[in-house]
Each structure stands twice: as structure tokens, then as C-alpha cells.
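Accompanying notes for the structure given below.
What follows draws every value from the coordinates through simple rules; no lab data is involved. The structure displayed is predicted, hence computed values, not measured ones. When we count neighbours, we look across all protein chains shown, and the Cβ atoms used for this are built from the backbone with ideal geometry, even at glycine.
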Amino acid sequence: MKLRFWLGKEKSALDVLDKLELNSGVIAALTNPKLKILDRYVTMLNNKYTEKQVSLLGILTARYDEVDLAMALALAKYFENSKPIATKLQRQQLQGWLNAQKSVDDVFSLLRIKEDGIRSMLNMELETMSEYIKMFNSKNPQQKTDLFTDGFGGEDKFAILVTRAMAASRVSAAFTYKFQKQLLEQRIKNDYDPMTVLIKTFKIDEHNLAGAGVVEKSVVNAYKSFYNSANGLDQMNSVVVPRRYSLIIQKGRELWQ
């Protein structure tokens with residue numbers, strides 16, 4: 001391996017990234033076995049130049065942009081060969097945001113989640129946001145926040161976004177299922193029946209439930225099947241994991257080519 005040769009020639013980590021051909025796209029770089037070689041070179045640089053510490057995360061961020069890298073790391077965790085290093089790098093990135101005292105709102109803005117709407121489901125933005133909230137809550141229990149209520153201005157708005165994403169396409173449904181399931185389970189935990197969802201989540205007057213909109217009714221209908229199954233009110237749970245969930249890797253590759 002030419003690592004010692006490059007080190008002797010004082011090649012930068014970015015130079016070696018190019019020599020290893022890790023410059024053809026962020027997902028391609030994260031799933032390339034040569035990334036481990038670059039990681040070793042970064043360690044060698046740090047051992048030689050102790051006053052000029054660099055990191056693999058910093059090198060990838062410099063080449064591919066912080067937000068693009070965040071999305072790619074979330075997706076790369078679905079690939080067996082890149083899951084370990086992607087998990088490590090994502091943890092470092094999230095820890096960096098936490099050390100920089102970025103609030104949950106700051107990260108929402110950074111990832112452009114509210115602007116992207118349904119596309120935020122496809123781009124793995126919510127996956128990244130969900131992981132950051134977990135880390136933020138563990139470090140700041142007194143400021144505990146919630147993806148559903150705090151991030152989107154209320155569970156009602158998030159539920160509508162999820163419902164639209166589930167209906168938009170098979171691919172968006174595959175990406176969104178995880179968040180729909182979390183919403184459904186949270187309502188069961190809160191002991192909400194379908195009518196309670198209309199009244200408490202969507203603030204529909206209990207004396208005028210017919211006034212609920214089409215989208216609100218579609219959210220409640222999806223929950224009704226889940227609620228009935230959870231309470232043994234029917235024999236079939238119509239909310240099942242979509243078989244198309246397996247399209248994540250295939251479509252993810254297309255998104256990040």
C-alpha cells in the first residue's frame with residue numbers, strides 16, 4: 001500500500017481521497033471499501049502531525065457538504081458493508097452539532113426538513129433528525145423534545161405529512177412507514193381511540209366531527225385499523241410492513257447517484 005509513500009510526500013487527506021477514487025459521489029464513497037484505507041491514512045497523518053489533527057468526517061464534509069453527507073450517512077447505514085463506518089461517522093457528526101450547541105430547531109433548519117416536505121422522507125432527513133433528537137434528549141433531559149410535536153408545529157401537521165407521503169408513491173411509503181408506525185403506537189400508548197384523535201390531535205369539535213377534512217379522516221381511518229387490532233376488535237391488522245420497504249436500498253442508490 002502506498003500510504004507511507006504518500007505520507008512521505010506530505011499528501012493531504014483530500015489528495016489521498018482523490019487518489020483512492022472516493023470522489024465520484026458521497027454514497028459511492030461511503031460504500032467503497034477503500035474508505036477504510038483513507039481512515040487509516042487519516043490516523044497516520046494525526047500521528048505524524050500531532051499539532052494539525054484532521055478527521056475522516058471533516059475530510060468528507062469538506063468534499064461533499066455537511067447536509068449531503070448527513071443524508072448519505074443515514075442511507076449508508078442500510079448497507080451491510082458500510083453500516084459500521086456510517087454509524088460511527090453519523091455519531092461523530094451529531095456529537096459535533098451537539099457540541100456546537102445546535103438546538104433541535106437549528107438542525108431542522110439545517111436539514112431543510114420543513115421546506116422539503118414529503119421529500120424529506122425520501123432524503124433520509126427525518127432519519128437524521130430522529131437520531132439527533134435521541135442524542136439531544138439524552139444529554140439535555142430538562143429540554144426533552146419530540147419529533148412529532150416540536151419539529152412540525154404539532155402532531156397534527158406531522159401526521160398529515162406522513163399520510164401524504166404514504167399515499168404519494170410506493171417509494172415514499174416505504175421510507176415513511178417507520179414514522180407512521182411510531183405515530184400509531186404513540187396513540188395506543190396515550191389510550192386514544194379514533195374519535196379522540198380527531199378531537200385532541202386535530203382539534204375537531206366533538207359536536208361536529210363531520211366537519212373533519214378529507215386528510216384528517218384519512219389519518220383516522222389508518223389509525224382505526226391499527227387500534228382495532230391492538231384492542232382485539234378485529235382479527236386482521238391492515239397496517240402491515242409494506243413489502244416494498246425493501247426498495248429502500250435500491251431506490252436509495254438511485255437518489256444518491
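So here's what we get for this one:
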| item | result |
| --- | --- |
| Ordering of 24-30, 70-76 by packing [mean C-beta count within 10 Å, highest first] | 70-76, 24-30 |
| Size-normalised alpha-carbon gyration radius of the stretch 1-115, reference 2.2 N^0.38 Å | 1.12 |
| Net lengthening on full extension, L3/N47 (0.36 nm per residue, minus Cα-Cα) | 14.5 nm |
| Pairwise FRET efficiency - L233 versus K200, Cβ, R0 = 30 Å, nearest 0.05 | 0.90 |
| Calculated FRET value between D65 and A167, using beta carbons and R₀ = 30 Å, to 0.05 | 0.45 |
| Net charge of neighbours whose Cβ lies under 12 Å from the Cβ of L98, counting Lys and Arg as +1 and Asp and Glu as -1 | +2 |
| Estimated vicinal HN-Hα couplings, Hz - the stretch 107-117 in sequence order (Karplus 6.51, -1.76, 1.60; Gly, Pro = x) | 6, 4, 5, 4, 7, 6, 5, 5, 5, 7, x |
| Centre separation in Å (Cα based) which lies between the stretch 75-118 and the stretch 1-45 | 23 |
| Per residue convex hull volume, Cα atoms of the chain, in Å³ | 140 |
| MRE, 222 nm, helices only [DSSP H, n ≥ 4, -39500 (n - 2.57), over the chain, to nearest 500] | -19000 deg cm²/dmol |
| Virtual spin-label span in nm between L14 and V215, 7 Å along Cα→Cβ | 4.3 |
| Nearest 10 degrees, 0 to 90: helix 125-139 Cα axis against the chain principal axis | 90 |
